[in-house]
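Engineer: This is the structure I have questions about; it appears just below.
The values are calculated or read from the model by the stated rules, or taken from the named source; none is laboratory data. Since the structure is predicted, the reported quantities are computational estimates derived from the model, not experimental observations. As a convention, Cβ positions derive from the backbone with ideal geometry for all residues, glycine included, and neighbour counts pool all protein chains shown.
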Amino acid sequence: VSGRLSVVGLGPGGEGLRTPLASKRLAEATDLVGYGPYLDQVGVLPAEPRRHASDNRQESARARVAIELACRGGRVAVVSSGDPGVFAMATAVVEELHRGLEERGEGGDGGAERWASIELEIIPGVTAATAAAALVGAPLGHDFCVISLSDVLKPWEVVEGRLSAAAGADFVLALYNPISSQRPWQLGRALDLIGAHRRASTPVAVVKDVGRPAEWAEVVSLDSVPVEKIDMRTVLLVGSSTTRAFVSPVGRVWMYTPRRYP
Ligand SMILES: C[S@@+](CC[C@H](N)C(=O)[O-])C[C@H]1O[C@@H](n2cnc3c(N)ncnc32)[C@H](O)[C@@H]1O
């Protein structure tokens, strides 16, 4: 009997930004698979499933564990923060399923049929960029581009090429994975590259822990981004040439990108 494998997006933080379908799949699960902090983000469930925590860098091993559990008939939920298709687990699961089907098919042991009979579904979630945008106004109202600054899985030259091309094409930029202890200088370099195409006064939203108790957001100008306050739980939204910011009568800074392009 093959089971169901759901790759579930938890949203950025608390239950308010988790979709009802994601909550339903978590409640139905016999097994939860994921990076430890994301399993913690799930919280307590009525029928407590088995929890299989793993290190954040073990994506393909984690995907194989989940597929095997589903092959044995489990209702398995692989959890990711935000949306599982944005720099997260959905890719690893689909990739492993593809690899497994090809390898097992060649072996002729009938394993391919077993893997093929798993019911796979991806449950979308609210991604960090849109949740962060909502906190500061509507910075993603016109064309935008999502770029991860991590050079762990792609060469830094590729990151630089994409940043320059996207900044040159006047996209609003959502920057994920901005900085880490292993990648201390990349964010500064990225802001310099963007600055070659944008005014120093371009509004930038710096949003940390959106949807969580420690939520924090600030709208600053491109030449005064507080790099020292930024960590891996932060997303940056860099405005385009048309993005504007203003202070409301109660002192709140709003940022938006008009839908009309001059
Ligand atoms: C590996 S990516 C995962 C993205 C996730 N799948 C999503 O759709 O939001 C991790 C990066 O997402 C951003 N991020 C995720 N959750 C966040 C949150 N609650 N607040 C701010 N940024 C967040 C940060 O830039 C972080 O370094």
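Engineer: May I ask you to list pairs of residues, at least six apart or on different chains, whose Cβ atoms are under 6 Å apart, with the first in the stretch 168-184 being touching a residue at least 12 places away in the same chain (Cβ under 8 Å) and away from the ligand (no atom under 14 Å from the Cβ) and the second being in a loop (DSSP other than H, G, I, E, B) and among the polar types (S, T, N, Q)?
Structural biologist: If the second residue must be in a loop (DSSP other than H, G, I, E, B) and among the polar types (S, T, N, Q), the pairs left are 170/240; 170/241; 172/240; 172/257.
Engineer: Report yes if residue 123 is within 29 Å of residue 64 (Cα to Cα), out of contact with any Pro (no Cβ under 8 Å at 6 or more places or on another chain) and among the β-branched types (Val, Ile, Thr), otherwise no.
Structural biologist: In short, no.
Engineer: Related question: Just to be sure, is residue 63 within 16 Å of the ligand (Cβ to nearest atom) and closer than 15 Å to residue 22 by Cα?
Structural biologist: Here the answer is no, as residue 63 does not meet what is asked.
Engineer: Let me ask something additional. Can you name the residue in the stretch 192-214 that is touching a residue at least 40 places away in the same chain (Cβ under 8 Å) and away from the ligand (no atom under 14 Å from the Cβ) and is also nearest to residue 159 (Cα to Cα) among such residues?
Structural biologist: Across the stretch 192-214, the extreme among qualifying residues is 194.
Engineer: Sticking with this one: State all residues of the stretch 1-42 that are within 24 Å of residue 116 (Cβ to Cβ), in contact (Cβ under 8 Å) with a residue 60 or more places away in the chain and among the polar types (S, T, N, Q); if no residue qualifies, say none.
Structural biologist: If the condition is that a residue be within 24 Å of residue 116 (Cβ to Cβ), in contact (Cβ under 8 Å) with a residue 60 or more places away in the chain and among the polar types (S, T, N, Q), then 2, 6 are the ones that fit.
Engineer: Here is a further query. If residue 166 meets every condition in (1) over 20 Å from residue 13 (Cα atoms); (2) part of a loop (DSSP other than H, G, I, E, B) apart from one, which number is that one?
Structural biologist: Failed condition: (2).
Engineer: Let me ask another. Scan the stretch 42-60 for residues that are at pLDDT 90 or above, over 16 Å from residue 98 (Cβ atoms) and of a type outside the set (D, E, K, R) and jot them down.
Structural biologist: Residues satisfying the conditions are 42, 43, 44, 45, 49, 52, 53.
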